[in-house]
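Here is the structure we will look at, set down as structure tokens.
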Amino acid sequence: MKRIGLLTSGGDCQALNPAMRGVVKSLMFSGEQIEIYGFLNGYQGLIYGNYRMLDVSDFSGILTRGGTILGSSRTPFKTIREPDEKGLDKVESMKHNYFKLNLDCLVILGGNGSHKTANLLREEGLNIVTLPKTIDNDLWGTDMTFGFQSAVDIATNVIDNIHTTADSHGRVFIVEVMGHKVGYLTLNAGMASGADIILIPEIPYDIDKVIEAIEQRKKRGSKFTIIAVAEGAISKKDAKLSKKEYKKKLESSPFPSVSYEIAEEIKKKTGQEVRVTVPGHMQRGGSPCPYDRVFASRLGAEAGKLILKGHYGFMVGYRNREIVKVPLEEVAGKLKKVEPDSSIVKEAKMLGISFGD
Ligand code: F6P
């Protein structure tokens, strides 16, 4: 008999449900008896003892369902050691609930912040297995996270649709893609949809280079330009500011996001019409794409295998086309970023894409 807890933490993404289904199905088909405790709304459920006992049948029919049947929330790691408003010690409370239920293992589906807390719980003596979720694909220790490919599909479709209207009106269009710290989503959706300029946090841009790229397109006879901008894109000038100074600048900015600031500068300097489209949370919504359904199911099945073997303290990741187990202490607290001199960036540049650098 295995008593397992499940929780989904942080910003949601597609394929959380297929991943949990994978864990449960693989345990069920192994012949092992299981008891499943689903903690509601991420770590909040574990802290406050909010859970539902689930049956294997709860995991039927959710392969194609976006979101998470357990609900999710953000529980910031930096305040996890601080008592809540009623003085409750959150870490002690999570331990208490885990041990009270006599769990064999807690399966946590999360991104960066969630992995820091997962590793802390491991250090505190809990048996933890994690699965890498996020549309940002920025988790250390895995080449791929589930949710990413589904979000790439959505952002690509948005930019595809923008192409025709940009062409009709001869406009510059900026599409703002999710990703505050890391640009994988913008880079991949931008390349997939033939964006002319791609601006990501890892490669600070010079607005004059962006304008130069627009002017060159005009000279070549193209009347429109598509720019894919990550939420966290930053100019070379701003990249020189300290974190505190930059935060202050953003707080006092008249623009809702960096895309609008870029739009204003392009308008001023080129006189061309510029429009901004922000698909936002649409990128995290809806049904997982087939790739993510398969990928998340595989990771879930492998998590089930680890649980059966009693191998705890790992994230199930994907490296060099193999499913691997990565020690949680290696994953926690590190971001996987786009390397500015990686081959994908070089190849994008060979295709004439400007990064504004
Ligand atoms: O972590 C995934 C992500 O979707 C980021 O790409 C985005 O910047 C952020 O979450 C948005 O967070 P929230 O859902 O809290 O607005």
Q.
Testing the spin-label approximation: label points 7 Å from Cα along Cα→Cβ at E265 and M1. State their distance in nm.
A. 6.3
Q: Could you estimate the translational diffusion coefficient of segment 149-211 from the Stokes-Einstein equation, with Rh from the Kirkwood formula over C-alpha pairs, at 20 °C and 1.002 mPa s, in whole µm²/s?
A: 175
Q | nm² value of the averaged projected area, convex hull over the Cα atoms of segment 21-68 | A | 3.7
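Taking a probe of 1.4 Å, how large is the accessible area per residue of segment 176-224, in Å²? Intermediate results must be reported in sequence, preceding the final value.
Numbers: 1910 Å² over 49 residues.
Normalised by residue count, the accessible surface of segment 176-224 is 39 Å².
Determine the per residue accessible area of segment 16-132 with all protein chains present and a 1.4 angstrom probe, expressed in square angstrom. List each step's numbers first, then the result.
Values: 5060 Å² over 117 residues.
On a per-residue basis, 43 Å².
Give the calculated FRET efficiency between E347 and H180 to the nearest 0.05, with a Förster radius of 41 Å applied to their Cβ-Cβ distance.
Working: r = 25 Å, r/R0 = 0.61.
Calculated transfer efficiency: 0.95.
On the protein heavy atoms, probe 1.4 angstrom, tell me the percent of accessible surface of segment 151-284 carried by carbon and sulfur.
Values: 3290 of 6450 Å².
Of the solvent-accessible surface of segment 151-284, carbon and sulfur hold 51 percent.
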Q.
Taking the alpha-carbon distance from K237 and a cut-off under 15 Å, which aspartates and glutamates remain once sequence neighbours fewer than 8 residues away in the same chain are dropped?
A. E202, D206, D208, E245, E261, E265, D357
(Q) Rounded to whole Å, give me the distance from the Cα center of segment 23-68 to that of segment 206-244. (A) 45
Q: With label points built 7 Å along Cα→Cβ from the Cα atoms of D89 and A192, find their separation and express it in nm.
A: 4.7
Q. Where a Cα-Cα gap under 18 Å defines reach, which aspartates and glutamates qualify for K95, not counting those fewer than 8 residues away within the same chain?
A. E82, D84, D104, E123, E124
Q: Using the charge dipole of segment 151-284 (Lys, Arg: +1 at Cβ; Asp, Glu: -1 at Cβ; taken about the Cα centre), state which of I214, V276, F173 has its Cα farthest towards the positive end.
A: I214
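Multiply the residue gap between S242 and T165 by 0.36 nm, knock off their C-alpha separation, and tell me the result in nm, one decimal place. Please list the in-between numbers first.
Details: separation 77, 0.36 × 77 = 27.72 nm, distance 3.91 nm.
Here the segment from S242 to T165 would lengthen by 23.8 nm.
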(Q) Can I get the semi-axes of the chain's equivalent ellipsoid? Compute them from the C-alpha gyration tensor as square roots of 5 times the eigenvalues, in angstrom, largest first. (A) 41, 22, 17
Q: Enumerate the lysines that K334 could reach by cross-link, defined here as Cα to Cα under 20 Å, with residues fewer than 8 away along the same chain left out.
A: K78, K116, K133, K181, K243, K325
**Q.** Computed lengthening from S57 to R220, 0.36 nm per intervening residue step minus Cα-Cα distance
**A.** 52.8 nm
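Which entries of K223/K337; K25/K90; K219/K349 show an alpha-carbon separation above 22 angstrom in the structure shown? Let's see the in-between values first.
Working: K223/K337 33 Å; K25/K90 31 Å; K219/K349 19 Å.
As for pairs spanning more than 22 Å Cα to Cα, those are K223/K337; K25/K90.
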Q) Rounded if a/c is under 1.5, else prolate if a/b beats b/c, else oblate: with a ≥ b ≥ c from the C-alpha gyration tensor eigenvalues square-rooted, which is segment 151-284? A) oblate
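The values are calculated or read from the model by the stated rules, or taken from the named source; none is laboratory data. Here the structure is a predicted model, which means the values were calculated and not measured. Note that we place each Cβ from the backbone using ideal geometry, even for glycine, and neighbour counts take in every protein chain shown. Accessible surface is based on the protein model in full, side chains and every heavy atom, while ligands, DNA and RNA are left aside. Shrake-Rupley method; radii C 1.70, N 1.55, O 1.52, S 1.80 Å.
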